[in-house]
Amino acid sequence: MPNPKEASSLSSPGRIHLLIGPVGAGKSTHAQRLARELPALHLDLDAWMVDLFRPDRPEEGIVPWYVERAARAVGRIWEVARAAARVGTHVVLEIGLLKQKEREHFYAQVADSGLELRITVVDADRALRRERVAARNLAKGDTFSMVVPPEVFELASDLWEPPDATERAAHTIVELRTDL
């Protein structure tokens, strides 16, 4: 029989920490640090995509191929995150969600689960982000999961929709600038 202290710690759910922002902003660096400090489970869409799908990546039609697989991976990541949080584990999520519509769908899932959500927008100047991504491509360090070619950097940067006034009014969002 578990002692009362163990039982009470397991009865309180963990928190979902969602990191959003454009490519190269510093989300992975912040996620790794936050996961160590809390401690928390860090779930990163890029790592899942590389491990599960890179061997099957086609030469052409990459965008629709990627979008469909990323959606499935995010669904599975959410199931893992929800299960972990329900047993008291904090979870740091780095799952893309570049578009507001995608984030609103995710926010509804979290609300339906009854779990607490903390949202952090990690951002930096585009020129600095471009430099960081080029350096990461070469160094292949702790936050590297795949080479991001310049054209993919530009495409992903153009797809990023920062939270607008409506999204900010509906959710508590913390800003983290990594270029200051």
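The values are calculated or read from the model by the stated rules, or taken from the named source; none is laboratory data. The shown structure was predicted, so the numbers you read here are calculated from the model rather than taken from an experiment. Glycine also receives a Cβ, built like all others from the backbone with ideal geometry; neighbour counts cover every protein chain displayed. Quick note on the areas: whole protein, heavy atoms, side chains included, nothing else; ligands and nucleic acids left out. Shrake-Rupley method; radii C 1.70, N 1.55, O 1.52, S 1.80 Å.
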Do you know which residues across region 135-148 are free of Cβ contacts under 8 Å to residues at least 24 places away in the same chain and open to solvent by less than 50 Å² (accessible area, probe 1.4 Å)?
N137, G141
Residue tally, condition over 24 Å from Y66 (Cβ atoms) and under 18 Å from the mean Cα position of the chain (by Cα), over region 131-167:
1
Of everything in region 113-131, what is part of a helix (DSSP H, G or I) and open to solvent by less than 70 Å² (accessible area, probe 1.4 Å)? Give them in sequence order.
S113, A127, L128, R129
Is there any pair linking a residue in region 40-57 that is free of Cβ contacts under 8 Å to residues at least 24 places away in the same chain to one that is assigned to a helix (DSSP H, G or I) and crowded, with 20+ Cβ neighbours inside 10 Å, with Cβ under 7 Å and at least six apart or on different chains, and which?
L52/A73
Could you give every pair whose Cβ atoms fall below 9 Å, whose first residue belongs to region 11-22 and is at pLDDT below 95, and whose second residue is among the aliphatic types (A, V, I, L, M) and surrounded by fewer than 21 Cβ atoms within 10 Å (Cβ to Cβ), counting only separations of at least 6 or pairs across chains?
P13/V87; P13/L115
Among the numbered criteria (1) open to solvent by 70 Å² or more (accessible area, probe 1.4 Å); (2) modelled with pLDDT of 95 or more; (3) not β-branched (V, I, T), which one does L176 miss?
(1)
One residue from D51, D46, D56 being among the acidic types (D, E) and closer than 25 Å to E167 by Cβ
D46
Assuming R130 fulfils every condition listed in (1) at pLDDT 95 or above; (2) more than 22 Å from T29 (Cα to Cα) apart from one, which condition is it?
(2)
Taking region 151-169, which residues are at pLDDT 95 or above, open to solvent by 70 Å² or more (accessible area, probe 1.4 Å) and in a helix (DSSP H, G or I)?
D158, A165, T166, R168, A169
